[in-house]
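Trainee: Structure in structure tokens, see below.
The values are calculated or read from the model by the stated rules, or taken from the named source; none is laboratory data. Predicted model, so just to flag it, every value in this text is computed and none were measured. All Cβ positions, glycine included, derive from the backbone under ideal geometry; neighbour counts span all protein chains shown.
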Amino acid sequence: MTSGDPFSIHALELGPMENFIYLIHDHATDRAAVVDPAWEVPEVLALARQQGVTITDILLTHSHHDHINGIEAVLEKFDAQLHLLKEEARFWGSYLDLPTLHHGGDRIELGETAIQVLHTPGHTPGSACYHIGDNLITGDTLFVFGCGRCDLRGGDPEQMYTTLKGMAQRLPSGTRIHPGHNYAEKSSSTLEEQIAGNPFMHFDTREQFIHYRMHYHDKHRDSPYGPVCKGEEMK
């Protein structure tokens, strides 16, 4: 974010799984969107009060319990619209009748702040990332020097490989990555830094990626994650 941005992004690390919950503040209207509300919701509400904003929107990156268990607590305090991809609502089996289901490429207008919805399957079928200015809130798709698991229900390593390749090719290298968990030696990064140092973005074939994600990584690499030079992934 720069001083000229019409928005601010605030992060809270909450819960036993080191989740990042984000509050996007549109300066012109003092509207806010909370991304993946979970765990200690009173801290999220306190941050909203501190910033003088009204939470009008809830954005979900995906539907795993550790990213959604605070939805009802937020809705008890604010009449907020819930946003998620249609594919994820179908996978989750909840909120199928809401008018705020999206497809990849949709835009959400938070006051004067435009939020683009990206469909980034792999961790779940309808995982989403939210592109705001030069920032990308990535949920469990892309971590700093890591990526989300693909062995949980709905996970697909082939889709994750395609998703990460597409992100590297299509997004500006200076894009600021804001992950869903604090699993690395730093809390955020740039896409350029991830292309250089994230092992999951180094593989040239699906087969190599799938072997590393499904069979090698979790046995040989512990958090907090740091950069890995290309060619050093399995050394």
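Trainee: Just one of 151, 140 is under 22 Å from residue 233 (Cα atoms) and more than 10 Å from the chain's Cα centre (by Cα); which is it?
Mentor: 151
Trainee: Using the structure shown, decide if residue 48 is among the small types (Gly, Ala, Ser) and surrounded by 15 or more Cβ atoms within 10 Å (Cβ to Cβ).
Mentor: Yes, satisfied.
Trainee: For region 65-74, does any single residue satisfy the condition of being surrounded by fewer than 22 Cβ atoms within 10 Å (Cβ to Cβ), touching a Pro at 6+ places or on another chain (Cβ under 6 Å) and more than 25 Å from residue 142 (Cα to Cα)?
Mentor: Yes: one or more hits.
Trainee: Please pick out the residue among 60, 85, 118 that is hydrophobic (A, V, I, L, M, F, W, C), surrounded by 21 or more Cβ atoms within 10 Å (Cβ to Cβ), modelled with pLDDT of 95 or more and more than 29 Å from residue 4 (Cα to Cα).
Mentor: 85
Trainee: Is it true that residue 113 is of a type outside the set (Phe, Trp, Tyr), touching a Phe, Trp or Tyr at 6+ places or on another chain (Cβ under 7 Å) and touching a residue at least 12 places away in the same chain (Cβ under 8 Å)?
Mentor: Taking the combined requirement at face value, the residue satisfies it.
Trainee: Same structure, new question: Look through region 179-235, keep the residues that are assigned to a loop (DSSP other than H, G, I, E, B) and of a type in the set (Asp, Glu), and return whichever of them is nearest to residue 22 (Cα to Cα).
Mentor: Step by step, filter region 179-235, then rank; the result is 185.
Trainee: Which residues, taken from region 92-132, are over 20 Å from residue 142 (Cα atoms), within 18 Å of the chain's Cα centre (by Cα) and of a type in the set (A, V, I, L, M, F, W, C)?
Mentor: 92, 101, 108, 110, 114
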